[in-house]
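Notes to accompany the following structure.
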Amino acid sequence: MFGLKADWSLDVFERYFTLGDYAGGEARWCPGCGDFAVLNTVHRVLRDAQLPPEKTVAVSGIGCSSRLPHYMGTYGFHGLHGRALPLANGVKARRPDLDVWVATGDGDCFSIGAGPWIHSIRYNMDMVVLVFDNAIYGLTKKQTSPTSPTGMTTNTHPHGAPLPALNPLTVTLGISNVSFVAQVVDWNPPMLYETIRAAHRHRGTSFVRIIQRCPVFSDSFCKPLQEDASRILLLHHEDGIPVDDSVRRLFENQREHDPADWLGAMEIARDSSRVPMGLLYRNPDAVVYEDASARGLDKTNAEKLAAIESALDRFSI
Amino acid sequence: MTTHSEQSGNVVPMQDRGGDALRIPEHIVEIVSDSGEGAQKCGQTFGTISGKMGNGVWTVEIIPAEIQPPARSPAGASGIRIRLGSSRVTNMGDEADLVVAFNEQVLFSRIANGAYKEGTIVLLDNKWASDPQEKIRQQYAAAVAEFQEHGLVVHELPLEEECLKLVANPRRGKNMFVLGMICQIYSRDTDLAKQEIAHTFAAKGDKVIQANHDLFDAGYRFAAEQVPYHWEIPPQETGHGRRMMISNGNQAVGLGVMAAGMELVSMYPITPATSASHYIAEVFDGVGGFVHQAEDEIAAIGFALGASFAGKTACTITSGPGMALKTEMIGLAVMAEIPIVIIDVQRGGPSTGLPTKVEQADLLSSLYGEPGDAPKVVIAPATIEECFHYVILARRLAETFRIPVIMLTDANLATGVQPYPRPELNEEWLGAPVDQSPWDPSVPPYDWNEETGLSQRPIPGQRRGEYVLTGLAHTNRSKVAYDSDSNQRSMEYRSRKLAALHRTLKRPQVHGDDEGDLLVVGWGSTRGAIEEAVDLLRSEGRRVSSLHLHFLSPLEPGLPEIFGRFKQVMTVEINYSDRADAPLITPENRRYAQLAMVLRAQTLVDVDCWSVVYGHPLQPGMLYQAIEAKLNTLNN
């Protein structure tokens, strides 16, 4: 090509990332676990976006899903139970140049991490939050989670979970400054890919609840949805998640829903007769916290020293 | 009584030095009122003026026990104590010499606290003597009689009446009138005082400044005419020619945070730590920093750890209950070797305890609070000046040793105000920018040095440095360790870092003779009171010395040898211990003060302790008696 410098094109070649660049250690989840599908999809989205691995940070809490950073070739932070979000927010606070991904689960996010969940949605820092929701504690072997349906038998509730499940969609939609709420299932690869890609492209905290198979401990949670696609309500809109015809053909229940319509999103989220799939809500204009927290990164040492001297002046005798 | 006299060099000239003023070396002044009457502002300004004149000063706030205490109640006592002297003052001292009280009821809690002695002068607002309510008039009369019985010298003065000549609501303004009074009584520089008043009310405009200047002048004239005391405390404090400044400990921490190059303070509101973050928030923009008020204490440290992992220098500032919540995160920082500075402004515990009052009771939980073995650095500044420098030290240690550093201050340092030499800033303190150069992939993220346990860490953004930090046991490649050997080895390296740091520390200096009957060992804010008591006993020929520890993990070197040169070693601390002679207590079941427990375990010396938890800073007089009693048992 005319005018193209050879070293520049070489550099581009050198910095082309393949799926392998995003892969870490061999993933160790149970056979049939939905987490594999999510991991592979994340690798593909990263590859397609050509994100430099060294500029990407995968943060997680504790649980099956939170092993994800170990299976990435990027930087990772496998933190504490329920605390993935404060750690991720901190990473982003003064390093807006880093691309932050959070892997968390229904126990990690909606139970022990419920406080940080609420507040991180409100901080709305630019990151993707993938909640792997299998309605069960898997790593600790089958305890009731906040999203376990009433009556689900677990090791802590052998006679069936006594309470109605928490609805993560209505809760998240109800938080001030929420900017992106989507839901998807792990067993539909095109929708999973498009949803995570859209989440990554959104500036703000993109909350994606992934309904995820756990064939070992909570098979009853996903089985009915897999076997009867009419239980799923496919959301589509020109501003929503791109849905191609192959996907459309699978779901008889569909609804055109404008992701700018918060009330419509709440109505869809509240309707327990159908499991929505797609983008419920997006607000590109929500306040992004790092616009405040990362201010002043360009201060020079001379400016800093002058500011400290003037602070000392205030106390000087 | 003062110690550490420094020779007078450039005494600030005073404008109004009455010829009749009596020269005294020091005095303790208290201003006590209902909450919201501005006694603290009055005292702080008085302390600042005195500090600027070159006097030694220590101020301590008297904080009411309730949020909105009823007026005229002992529980509502709000105020301030200012101890000012010719030379350096290092603690709040014993009983007050002069008290200005806005009502009589607030004095009862001070009397109960032992704050006054026979002969303490009380300048009392007499408005209550003519209150329309008979009950109040009776209360007032009864109280005055009781004070006189206690030996207090009460002067009933028409403070309210005088203020009403200038302002409609004396609740706002009486404090400046009183400031004028005490500035006259103690021959303070009126120009300096007016500058301080102007500074205080700068945001409110010239009219408000003028009104307060008028109140000040009125109070000044009133005292000259009506108060039969006039003293002079000639300043000798010069800092050896160095420029001086005056602040409280939390402000010093805030200044230290900036001078240490911190970019992020991540906190959750908790008394008495929060005012440090308030101060930082006020000035942090200047250095491009950010105060994050997190949703809870755990998220606060988590946020800081996230930033630190990403190469940015961060700290969290909290107090006891917050420390308890942060323990899991501190363990993570130890395990994954994430540098972090944690400032704990200690208050009384356990549980909610005494939120506004001082205790040194977080030492053991700082050392051992986490599940598993979690070696970390614990340091304790002893003075307000050290509150500044220790933040810089803490950052450097955290990064060099890739370890959490807990800095223990307390409510006494946090709110105490003292003059100290103005720090000379150093650009190196700000630290280097985040390294984003490519990482040598042959170097693992935990390339532990066999001898020291130290290693360098890759920072996100560094090519080929990608690794996954984890709180799980891990190999030097940060891979989850499924083998028993990795855990044993990594534990050894993390522990060895403390031994490596220990090697670099200097032997602590004994205050007083290197040998004797008793060595008093302290840590943190008690230094001034301990040394004052020890000096007094030494001046009476007693064979007592003191040692003040600044490093608590690792401990400073040479302790067994130093201890061996004294008949007895005894710690003095503000935390709970069983008295040796208390009911049921035997040497077998006695619970020792916290530093004593550490020293006994580490040195195998039979270290005794004396500690109290009254919630107030140690008073040198009380300490004098305790040490004297101990010395008497040793010599019998």
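Brief remarks follow.
- Pair-distance profile P(r), taking every C-alpha pair of chain B, with 20 angstrom steps and integer %: 18, 48, 28, 5, 0
- Averaged over the residues of B:247-254, the number of partner chain Cβ atoms lying within 10 Å of the residue Cβ comes to 1.
- The range B:455-483 and the range B:209-239 have Cα centres spaced 64 Å apart.
- Charged neighbours of B:THR45, selected by a Cβ distance under 11 Å, balance to +3 (K, R count +1; D, E count -1).
- For the range B:245-430, the alpha carbon positions stretch 43, 37, 27 Å along the principal axes, listed from largest to smallest.
- Highest mean packing comes first when the peptides B:241-248, B:44-51, A:240-247 are listed by Cβ atoms within 10 Å, giving B:44-51, B:241-248, A:240-247.
- DSSP beta bridge pairing in the range A:15-289, given as percent antiparallel to the nearest 5: 20 percent
- Column: log10 I(q)/I(0), Debye, Cα scatterers of the range B:22-239, q = 0.07, 0.13, 0.14, 0.18 Å⁻¹: -0.19, -0.70, -0.81, -1.38
- Straight-distance crosslink candidates among lysines, where the alpha carbon sits under 22 Å from A:LYS55 and sequence neighbours closer than 8 are dropped: A:LYS92, B:LYS312, B:LYS479
- Inter-part distance where the range A:123-160 and the range B:578-621 are each reduced to a Cα centre, Å: 49 Å
- Over the range A:77-127, Cα pairs under 8 Å with separation of 6+ residues give a relative contact order of 45 percent.
- Taking every DSSP beta bridge that has both ends in the protein assembly as shown, the antiparallel portion is near 30%.
- Here's the list of aspartates and glutamates a cross-link from B:LYS506 could span, going by alpha-carbon distance under 12 Å and ignoring same-chain residues fewer than 8 apart: B:GLU556.
- Whole-Å semi-axes of the protein assembly as shown's equivalent ellipsoid (Cα gyration tensor): 59, 33, 27
- For the range B:510-635, radius of gyration divided by Kirkwood radius, i.e. Rg to Rh on alpha-carbons: 0.93
- A protection proxy built from the mean count of other Cβ atoms within 10 Å ranks the segments A:268-277, B:330-339, A:72-81, B:107-116, most packed first, as A:72-81, B:330-339, B:107-116, A:268-277.
- Average Cα contact separation per residue, the range B:245-430, under 8 Å, 6 or more apart, as relative contact order %: 30 percent
- Centroid-to-centroid, using Cα positions, the range B:268-292 and the range A:176-223 are 38 Å apart.
- Among the residues of A:54-64, the average count of other protein chain beta-carbon atoms within 10 Å of the residue beta-carbon is 3.
- For A:ASP133, net neighbour charge (Lys/Arg +1, Asp/Glu -1) across residues whose Cβ lies under 14 Å away: -2
- Taking packing as the residue-averaged number of other Cβ atoms within 10 angstrom, the listed peptides B:173-181, A:180-188 run from highest to lowest as B:173-181, A:180-188.
- DSSP beta bridges in chain B [antiparallel fraction, %, rounded to 5]: 35 percent
- Lysines with Cα under 18 Å of B:LYS165, excluding same-chain neighbours fewer than 8 positions away: B:LYS127, B:LYS174, B:LYS207
- Bins of 10 Å, starting at 0 and running to the largest distance - Cα pair percent for the range A:15-289: 7, 32, 39, 20, 2, 0
- Per-residue mean of foreign Cβ neighbours for B:290-297 is 5 (Cβ atoms of other chains, 10 Å radius).
- Translational diffusion of the range B:435-504, µm² s⁻¹ [Kirkwood Rh, Cα pairs; Stokes-Einstein; 25 °C; 0.890 mPa s]: 191 µm²/s
- Relative contact order (%) - criterion: Cα under 8 Å, at least six apart; region: chain A: 16 percent
- Two-decimal Rg to Rh for the range B:26-108 - Kirkwood Rh, Cα set: 1.00
- Dividing the helix sum by the residues of chain B, where each DSSP H run of 4 or more adds -39500 (n - 2.57), gives a mean residue ellipticity at 222 nm of -11500 deg cm²/dmol.
- Loop-resident GluC sites (Glu not before Pro) (DSSP state other than H, G, I, E or B) in the range B:400-488 with no more than 11 further Cβ atoms inside 10 Å of their Cβ: B:GLU424, B:GLU450, B:GLU451.
Every number here is computed from the coordinates shown, using simple stated rules; none is lab data. Remember, predicted model here, so these are calculated numbers, not experimental data. We place every Cβ from the backbone using ideal geometry, glycine too, and count neighbours over all the protein chains shown.
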